[in-house]
């Protein structure tokens, strides 16, 4: 009789735990939703006008930054510059630093550079939800919101990948215009 009581109790606890498992389709679901709410508040308070900086680099190359400027929800500028490290003399002078204005954003002239593709924060939150944070069995997912609640790091690394494997975005800063 004792065995049956223990078995039924164990079975009840197991079913309770399993029924409470999250049905979320995203890793970091709650963190993402909180950040998305912070984004919508920021978007309204800034009149959807802001700029953000995406850093980049590897151990063996110079570091760089891409700055995207958005006014009233439209990307109006993409700035790129190498910042530190590595041998900058190997990079053509016209590629060390450049700016694209609204009609030139993501132009073919700069498509083979280290610059991050210009996206609005709306686009970034969409990519986070639809691509970067979806649950995968073969990857480790990352999400941080250190820019006053807004995305600062979001993406994943496939298991077993050894170098430069992060798919997603890191954002150094976000500020209103």
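Read-outs: derived from the displayed coordinates by stated rules, not from any lab. Note that the coordinates shown come from a computational prediction; the quantities given were computed from them, not determined experimentally. In this analysis, Cβ positions are derived from the backbone assuming ideal geometry, glycine residues included, and neighbour counts consider all displayed protein chains.
The figures follow:
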{"read-out": "Label-point gap, in nm, between residue 38 and residue 138 - each point 7 angstrom along Cα→Cβ", "value": "3.3 nm"}
{"read-out": "Helix-only mean residue ellipticity at 222 nm for the chain, each DSSP H run of n ≥ 4 adding -39500 (n - 2.57), per residue, nearest 500", "value": "-8000 deg cm²/dmol"}
{"read-out": "Relative pair counts by distance (%), Cα atoms of region 85-176, 10 Å bins", "value": "13, 35, 35, 16, 1"}
{"read-out": "Choice from 65, 109, 77 with maximal GNM fluctuation in the chain (Cα, 10 Å cutoff)", "value": "109"}
{"read-out": "Scattering curve values for region 116-161, log₁₀ I(q)/I(0), Debye with Cα scatterers, q = 0.14, 0.16, 0.26 Å⁻¹", "value": "-0.36, -0.47, -1.00"}
{"read-out": "Label-point separation in nm, residue 93 to residue 166, each point 7 Å along Cα→Cβ", "value": "3.3 nm"}
{"read-out": "For the chain, alpha-carbon Rg and Dmax in angstrom", "value": "21.7, 84"}
{"read-out": "Over region 21-176, relative contact order from alpha-carbon pairs under 8 Å, at least 6 apart, %", "value": "25 percent"}
{"read-out": "With Cα atoms, 0 to 90° folded angle of helix 2-19 axis to the chain main axis", "value": "20 degrees"}
{"read-out": "Rounded tilt (10° steps) of 29-45 against the dominant C-alpha axis of the chain", "value": "40 degrees"}
